[in-house]
């Protein structure tokens with residue numbers, strides 16, 4: 001099963017993670033570094049809440065959360081954005097897939113602190129007014145879901161799959177959409193949906 | 001038309017897009033754990049690390065010290081709850097093992113503590129810091145484990161009433177020209193719906209609201225009320241969308257009343273999102289089964305004797321079984337039939353329904369054996385089914401209300417290219433790949449249950465349909481909306497459907513594939529009540545004679561007109577009535593439903609009728625499934641490039657949603673045959689692969705080609721909607737079809753599921 005992530009550089013990297021984490025007491029740090037950080041008081045107690053600003057669907061959201069909060073739980077429990085779903089909390093099912101930059105990411109394995117300063121796009125950020133994103137429309141047209149629980153993750157993953165250039169053939173789509181489990185098994189319809197939406201998305 | 005929306009044939013509705021499609025692609029569909037709660041506390045379960053024994057004590061100091069912990073609930077301080085009986089014994093529960101009632105442990109992964117904290121993260125950390133001292137006893141894990149007990153199902157499970165038999169099996173088998181005896185095994189499986197097992201409970205004064213993915217909101221409401229010792233009207237279960245069910249959410253689990261009790265004590269909403277691995281032990285599963293089939297036949301292929309013996313694992317206290325012999329003894333013409341189902345008790349959580357509970361394991365055995373018999377007879381397996389096809393089931397001689405089995409075989413065989421098959425095993429190959437073709441019959445009983453509905457029609461045509469059905473991905477919203485639109489003659493986009501809420505008129509459990517038939521029959525009936533009122537308004541008594549003429553019917557013109565397809569001028573009728581809204585409520589029950597049906601419906605008890613349990617007939621949906629497998633002769637890798645199924649299930653309400661369900665079913669069947677098994681550590685009676693990386697389910701790359709053919713079938717003897725359930729039809733035959741194809745590819749007969757590359761010995 002391929003990973004959801006592509007190997008393309010995205011600006012979401014270890015350095016950004018460490019910078020965010022250091023400011024929030026997730027990793028040990030020197031007293032000197034702590035003293036320089038305006039949020040330093042939190043560093044005294046690793047279980048104390050920390051402040052974080054997430055940039056989600058074009059808007060900044062300031063949160064005070066447990067440092068261990070994942071992007072998924074930040075969205076669902078602290079921002080009221082429940083479109084992204086929790087299906088395993090282990091990065092095994094893909095139901096929580098969001099875009100960070102252009103990259104598809106399992107938000108249950110991404111700490112909110114590590115996503116600070118990044119552009120996060122969720123299923124709620126796709127449709128404009130009443131117009132569905134081409135991938136959303138293609139999922140409707142091709143009945144690419146049943147219970148719908150994996151659907152937000154499938155759609156986010158599918159958009160990235162197309163942009164990565166992995167929607168050139170049905171075999172490619174199947175392979176690169178295999179990080180998203182659909183227990184209802186709408187798979188053939190998902191492939192049809194990705195095929196339908198791909199040209200429009202690539203056209204921009 | 002796209003492939004997803006097949007052109008409707010005779011007796012099929014329109015393939016309109018799903019009612020809930022827009023909500024589901026925009027993330028606006030609110031599943032239980034998406035519901036907003038005011039200032040919730042978070043619960044995290046602690047589950048048992050042993051399968052049998054007792055908790056001697058807890059060390060909670062470290063856990064309590066975690067910032068944000070509010071409470072830790074164990075058997076020592078848990079809210080007192082009343083016991084609930086098993087659903088099959090007049091209760092609501094899927095298990096009678098009640099955690100937190102005593103220090104005793106009955107199975108691995110039993111809930112032994114609940115941590116409540118201000119955040120999910122704190123609750124999880126504290127749960128991980130709970131230290132438990134156990135006294136460990138040696139558990140019995142499964143078949144052949146020391147300490148299990150075995151007894152016939154009949155007499156210990158009230159829903160398993162008979163071991164079907166007819167004629168003299170022993171004599172006929174002994175005298176048969178061709179004899180076959182074979183044993184088959186199926187594994188433990190877990191539903192693993194995508195939505196986790198969550199429960200949110202909020203008290204508003206003395207009223208409780210529960211948000212929980214449920215396939216039976218009225219059952220859960222009544223069950224939780226019983227356990228809490230409160231009036232059922234004080235409890236409301238809400239879940240407008242359910243992220244997959246597959247049977248896992250049909251009966252009440254212990255977690256709900258526990259969370260409700262804690263929420264009441266703390267006077268605060270509580271949200272539980274159980275982890276994926278906890279879902280393996282705090283709910284139900286498909287138990288492992290064993291079978292022995294004996295078939296006796298004449299040289300021309302006619303069955304003369306059939307015996308099916310099955311054994312199933314259950315828990316120590318609960319005699320759950322699926323007993324699929326009710327189907328396998330009735331599928332083919334055979335004058336001498338015998339059967340026996342036994343239950344083996346082990347130290348396990350109680351199993352329960354999983355998609356096509358009886359048919360998946362039992363038809364795997366029978367349809368594999370039929371293929372083996374065809375080989376013995378040197379006969380095409382399709383022809384063997386044709387020779388033994390029947391219009392009447394052999395046990396009671398009752399006629400099938402309709403049976404398109406051979407039509408399905410013929411259609412699917414044609415689409416698949418069955419005629420291209422060379423009959424000898426190992427005779428087809430391409431490069432390194434051995435190719436096998438296989439087929440099997442599939443079937444599922446047609447079931448219905450009592451259901452109530454409320455329908456409101458406004459003079460502008462806007463319609464509101466209320467029925468506590470469940471949207472588990474089946475298309476319930478869509479087919480209910482279509483039914484109302486059709487009966488009332490209003491545009492589909494004017495119909496609003498409200499389901500998944502126990503404050504609505506009760507509908508049956510979304511199980512046994514009864515939902516479409518039951519809910520649509522009820523909605524049709526109530527729509528006809530509205531039509532009758534409107535017709536009455538435009539056909540007052542003084543005009544009866546004229547009305548008679550217009551309607552062309554001599555008696556009760558309004559009733560007849562309401563039940564006919566006669567169009568209705570709604571505006572005119574509302575003018576005559578002098579009101580702006582008409583609302584009707586009605587309760588529908590299937591023919592042959594027990595006397596207490598409506599009472600049971602309101603108290604959350606299931607009363608399904610159908611299948612072989614109908615008065616003077618038997619109702620099943622049928623299908624035929626053909627598969628191509630490829631086995632690499634060097635690596636033994638197994639691929640399944642093609643699945644073709646043809647199905648006939650009475651009226652197809654919506655070919656789009658029907659096709660999707662059947663397609664998903666075929667893939668489920670493939671998954672069951674080649675991937676899925678819950679591995680059990682037999683020393684400790686624990687599930688090993690309790691996560692989605694190790695419990696294998698198909699991903700997109702596993703599923704190249706699936707073709708679903710919907711046959712036109714009309715059946716006027718089942719229910720007003722004319723629909724047979726099909727949600728559990730497609731994943732039944734696939735198991736055998738794949739093993740039959742593997743035999744054709746390799747010459748090796750595999751009688752134990754799932755088949756993996758290590759099982760191939762080419």
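If Rh is defined by the Kirkwood formula over all Cα pairs and Rg also comes from Cα, what ratio Rg/Rh do you get for the range B:237-284? Intermediate values should be presented prior to the final figure.
Values: Rg = 12.0 Å, Rh = 12.3 Å.
Result for the range B:237-284 is an Rg/Rh of 0.98.
Assuming R0 = 25 Å, what is the FRET efficiency of residue B:414 and residue B:389, from their Cβ-Cβ distance, to the nearest 0.05?
Computed FRET efficiency for residue B:414 and residue B:389: 0.90.
Please report how far the C-alpha centroid of the range B:106-135 lies from that of the range B:492-540, rounded to the nearest whole angstrom.
45 Å
Multiply the residue separation of residue A:90 and residue A:200 by 0.36 nm, subtract the distance between their alpha-carbon atoms, and state the gained length in nm to one decimal.
The residue A:90-residue A:200 span can extend by a further 36.3 nm.
How do the peptides B:441-453, B:286-298, B:209-221, B:395-407 rank, highest first, by the average count of neighbouring beta carbon atoms within 10 Å per residue? Each step should come with its number before you reach the end.
Values: B:441-453: 29.1, B:286-298: 23.5, B:209-221: 26.9, B:395-407: 18.3.
Sorting B:441-453, B:286-298, B:209-221, B:395-407 by mean packing, highest first, produces B:441-453, B:209-221, B:286-298, B:395-407.
For residue A:59 paired with residue B:430, estimate the spin-label separation in nm (one decimal), with each label point 7 Å from Cα along the Cα-to-Cβ line.
Placing both labels 7 Å along Cα→Cβ, they lie 5.3 nm apart.
Per the Kirkwood definition applied to all pairs of different Cα atoms, how many angstroms is the hydrodynamic radius of the range B:190-243? Display every interim value, and only then the final one.
Details: mean 1/r = 0.0855 Å⁻¹.
The Cα-based Kirkwood calculation yields 11.7 Å.
How much length is gained if the chain between residue B:602 and residue B:138 is pulled fully straight, taking 0.36 nm per residue apart and subtracting their Cα-Cα distance, in nm to one decimal? Provide the component values of the computation, followed by the final result.
On the way: separation 464, 0.36 × 464 = 167.04 nm, distance 4.35 nm.
My answer for the length gained is 162.7 nm.
I'd like the distance separating the alpha-carbon centroids of the range B:606-620 and the range B:315-378, in whole Å.
19 Å
Quick one: length gained pulling residue B:131 to residue B:64 fully straight, 0.36 nm per residue minus the C-alpha distance?
Computed gain between residue B:131 and residue B:64 is 23.0 nm.
Give me the Kirkwood hydrodynamic radius of the range B:383-508, using the inverse of the mean 1/r over all pairs of distinct Cα atoms, in Å to one decimal.
After inverting the pairwise mean of 1/r, the radius is 19.4 Å.
Determine the distance separating the Cα centre of the range B:230-270 from the Cα centre of the range A:74-119; give it in Å without decimals.
Using only Cα atoms, the two centres lie 27 Å from each other.
How far apart, in nm, are the 7 Å Cα→Cβ label points at residue B:583 and residue B:748?
In this crude label model, residue B:583 to residue B:748 measures out at 6.5 nm.
Using every pair of alpha-carbon atoms in the range B:30-91, split the distances into 5 Å bins beginning at 0 and state the percent of pairs per bin, rounded to integers.
Pairs per bin, as whole percents: 3, 10, 14, 16, 18, 19, 12, 6, 1.
Between rounded, prolate and oblate, where does the range B:44-161 land on the alpha carbon gyration tensor, with a ≥ b ≥ c its root eigenvalues, rounded for a/c under 1.5, else prolate if a/b exceeds b/c?
Prolate shape, in that a/c is at least 1.5 and a/b is the bigger ratio.
Label-point separation (nm) for residue B:149 and residue B:231, each offset 7 Å from Cα along Cα-to-Cβ?
4.2 nm
What does the structure give for B:26-38 when I average, per residue, the other chain Cβ atoms found within 10 Å of the residue Cβ? Intermediate values should be presented prior to the final figure.
Numbers: counts 13, 17, 6, 9, 2, 6, 0, 5, 7, 1, 2, 1, 0.
What the average comes to for B:26-38 is 5.
Can you give the % of DSSP beta bridges in the range B:172-286 that are antiparallel, to the nearest 5?
That works out to approximately 70 percent antiparallel.
Could you order the peptides B:363-373, B:703-713 from most to least packed, using the average number of other C-beta atoms within 10 Å per residue?
B:363-373, B:703-713
Efficiency by 1/(1 + (r/R0)^6): what FRET value for residue B:572 and residue B:496, r their Cβ-Cβ distance, R0 = 22 Å, to the nearest 0.05?
Calculated value: 0.40.
Counting only other chains, what is the mean number of Cβ atoms within 10 angstrom of the Cβ of each residue in peptide B:699-712?
Taking all residues of B:699-712 together, the mean is 5.
Quick check for you: which residues of the range B:690-716 have the amide N under 19 Å from the point 7 Å beyond the Cα of residue B:635 toward its beta carbon?
B:696-705, by backbone N distance to the label point.
Pairs of Cα atoms under 8 Å, at least six residues apart: use those to get the relative contact order of chain B, whole percent.
17 percent
How large is the convex hull of the Cα atoms of the range B:360-457 per residue, expressed in Å³ as a whole number?
Residue-normalised Cα hull volume stands at 212 Å³.
As a test of the definition: which semi-axes, in Å, follow for the protein assembly as shown when you take the square root of five times each eigenvalue of its alpha carbon gyration tensor? Largest first, please.
43, 36, 30
Given the protein assembly as shown, what percent of its DSSP beta bridges are antiparallel, to the nearest 5? If you can, show how the numbers build up before the last one.
Values: 110 of 146 bridges.
Expressed as a percentage, antiparallel bridges in the protein assembly as shown total about 75.
Taking 10 °C and 1.306 mPa s as the conditions, I'd like the Stokes-Einstein D for the range A:134-203 in µm²/s, using the Kirkwood hydrodynamic radius from alpha carbon pairs.
139 µm²/s
With the cut-off at 1.5 for a/c, could you classify chain B from its C-alpha gyration tensor as rounded, prolate or oblate?
Working: a/c = 1.72, a/b = 1.02, b/c = 1.68.
Judged from the Cα gyration tensor, chain B comes out oblate (a/c at least 1.5, b/c at or above a/b).
With the Cα gyration tensor of the range B:449-608 giving a ≥ b ≥ c as the square roots of its eigenvalues, does the rule (a/c under 1.5 for rounded; else a/b larger than b/c for prolate; else oblate) give rounded, prolate or oblate?
Because a/c hits 1.5 or more and a/b exceeds b/c, the range B:449-608 counts as prolate.
Could you work out the mean count of beta carbons from other protein chains within 10 Å of each residue's beta carbon in B:8-18?
1
Of the beta bridges DSSP finds with both residues in the range B:449-608, what % are antiparallel, to the nearest 5? Please list the in-between numbers first.
Numbers: 12 of 17 bridges.
Within the range B:449-608, antiparallel bridges account for around 70 percent of the total.
We did not get these values from a lab; they are worked out from the coordinates using the rules stated. These numbers come from a predicted model, not from an experiment. In this analysis, Cβ positions are derived from the backbone assuming ideal geometry, glycine residues included, and neighbour counts consider all displayed protein chains.
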